[in-house]
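Inspection log for the structure reproduced underneath, given as structure tokens.
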Amino acid sequence: MIYEPQSVRRLYKKLLALYPRGFRERLGESMEQTFNDLCNERKQQAEYRWAGFVLWIFVETAVGIIREHVLLITEGATMKSMLANPGSAALISSILLAVAFIVAPLIYLLGNLRDAMGPFSYAVADFLYGPVWAASLVTLVFALRERIGPRAPRRMSLALLATVLAAGAMIAVACIRSANRHYHLIHPELHLENSSTVLIVWTTLVAGVTGAGWHFLGWALVLIGSAGWTSGQLPRVLSMLYLVGGIVSLFVYLLPAMEGNAAMLGVVISIWQGLLLWKSGSAEAQASLIQLEPGAFDS
Amino acid sequence: MTNIHPPPLTPAVFHILLALSNGERHGYGIMKQVEVDSQGKVTMGAGTLYGSLKRMLDAGLVKESDKRVDPEMDDERRIYYQLTGVGAKALAAELERYKRIVSLAQERKLYPRTFAYDL
């Protein structure tokens, strides 16, 4: 029952968990104590409006939570923390990349623009296979370059460059698809779907730029696989997967039927790599905490 | 170089500094003192109080004192906050600013009769 003080206190504790971690660790306990004090004060009053008090304090705290998150973002602390611990960023990126690799092609294959939700689902697919795919890939390779870059600087720099080119190509494909769909939808009277010229130009353009994206991705994967193999920083099997996935991706433009295989290899590689980076990032963070500890009591 | 005219404080920060001016207090104590100082016109919620406290701690206006039990309350140990030298100077500068505004209002004969409430 929400009006029981104990339930409300538990709920408030859960609400406090939504504060940014630094804030919560520093002031969370004090906030909880203050909330308990306020509850006790209300209980002692002969006549109090419990519901109004609870609503006010929950809303006020929720606004505070939003404000702290906004401040954290605007002050760049989120970005700093991501750069300080690229492991978690890499893990999130790898999951997003895997989702994009699986979900977007399924929508393209099974979707129907004439359905009520058709245009929306295609827009989601474009977003996943364009900006999300591109940002996740660049983040993942960037984090990887931080890890194995010192052992193979030229190859990892080239891999990052190829990744950026692949990301640009996939964003371009998403933009072309989206613009084409939009034009079809706002001009039904032109019956563009029946125009072979439009169909040929559009398909060629999309297939061509997609092929270029896969090709650059192929170079990136080959370079990473090679750097991982010679530096010994990646498991041999993962390095092999990078090399095989890279070679398949390089030739998607010649054999478009291989796109599915390249995507499946991409899913396996990204998840495996994300987990490795996350684990090594956590281990490093733990090590830095242990190193800091002796000095923590210095006056 | 010292800033002769520091920027005005937000109302929340001003009231917290004022509440801590006559002794250190824990969070709930600050809330209660703000209510007393403002004659019940300012009620500060936990979100505003602790959000402001965090920024004040970062800016060095207040600092955490030891963690101890409040004899007037329960047996829970609480963190107390106290004003720093910087905080005291910021409060003094703000009070000086208010004083100048009141003087200006008196010079222009705005005080106390021409506010909207009296129209």
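The values are calculated or read from the model by the stated rules, or taken from the named source; none is laboratory data. Predicted model, so just to flag it, every value in this text is computed and none were measured. Note that we place each Cβ from the backbone using ideal geometry, even for glycine, and neighbour counts take in every protein chain shown. In case anyone asks, the SASA skips ligands and DNA or RNA and just uses the protein heavy atoms, side chains included. Shrake-Rupley method; radii C 1.70, N 1.55, O 1.52, S 1.80 Å.
Data overview
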quantity	calculated
Unique match (being among the β-branched types (Val, Ile, Thr), without any contact (Cβ under 8 Å) to a residue 40 or more places away in the chain and either under 21 Å from residue A:151 (Cα atoms) or not in a helix (DSSP H, G or I) (or both)) among A:252, A:222	A:222
Selected residue [at pLDDT 90 or above, loosely packed, with under 15 Cβ neighbours inside 10 Å, away from chain A (no Cβ under 14 Å) and more than 29 Å from residue A:30 (Cβ to Cβ)] from B:100, B:108	B:100
All positions within the stretch A:236-249 that are touching a residue at least 12 places away in the same chain (Cβ under 8 Å) and farther than 17 Å from residue A:134 by Cα	A:238, A:239, A:240, A:241, A:242, A:243, A:244, A:245, A:247, A:248
Check on residue A:56, at pLDDT below 80 and among the aromatic types (Phe, Trp, Tyr)	no
Some residue of the stretch A:1-15 being outside any helix (DSSP H, G or I), modelled with pLDDT under 85, of a type in the set (Gly, Ala, Ser) and open to solvent by less than 30 Å² (accessible area, probe 1.4 Å)	no
Hits in the stretch B:14-23 (condition: buried (at least 17 other Cβ atoms within 10 Å of the Cβ) and within 13 Å of residue B:82 (Cα to Cα))	B:16, B:17, B:18, B:19, B:20
Qualifying residues in the stretch A:19-66 (those that are of a type in the set (D, E, K, R), more than 18 Å from residue B:44 (Cα to Cα) and touching a helix residue (DSSP H, G or I) at 6+ places or on another chain (Cβ under 8 Å)) - the one farthest from the other protein chains (Cβ to nearest Cβ)	A:43
Total residues in the stretch A:170-206, condition open to solvent by 90 Å² or more (accessible area, probe 1.4 Å) and outside any helix (DSSP H, G or I)	1
Test: residue in the stretch A:221-244 that is open to solvent by less than 50 Å² (accessible area, probe 1.4 Å), modelled with pLDDT under 95 and more than 27 Å from the chain's Cα centre (by Cα)	yes
Within the stretch A:87-114, considering residues that are touching a residue at least 24 places away in the same chain (Cβ under 8 Å) and polar (S, T, N, Q), the one nearest to residue A:260 (Cα to Cα)	A:94
Helices (runs of 4 or more DSSP H) enclosed by the stretch A:63-165 - at least 3 residues per element that are open to solvent by 70 Å² or more (accessible area, probe 1.4 Å) and at pLDDT 80 or above	A:86-110
Residue B:52 being within 29 Å of residue A:72 (Cβ to Cβ), of a type in the set (Ser, Thr, Tyr), under 19 Å from the mean Cα position of the chain (by Cα) and modelled with pLDDT of 90 or more	yes
Which numbered condition residue B:82 fails, given (1) out of contact with any strand residue (DSSP E or B) (no Cβ under 9 Å at 6 or more places or on another chain); (2) modelled with pLDDT of 85 or more; (3) not in a helix (DSSP H, G or I)	(1)
Of all residues in the stretch B:25-80 being in contact with a Lys or Arg (Cβ under 7 Å, 6 or more places away or on another chain) and β-branched (Val, Ile, Thr), the one that is farthest from residue A:60 (Cα to Cα)	B:69
Conditions (1) surrounded by fewer than 22 Cβ atoms within 10 Å (Cβ to Cβ); (2) out of contact with any Phe, Trp or Tyr (no Cβ under 8 Å at 6 or more places or on another chain); (3) in contact (Cβ under 8 Å) with a residue 12 or more places away in the chain; (4) more than 14 Å from residue B:94 (Cβ to Cβ); number of the one not met by residue B:8	(4)
Of all residues in the stretch B:33-54 being open to solvent by 50 Å² or more (accessible area, probe 1.4 Å) and of a type in the set (D, E, K, R), the one that is nearest to the other protein chains (Cβ to nearest Cβ)	B:35
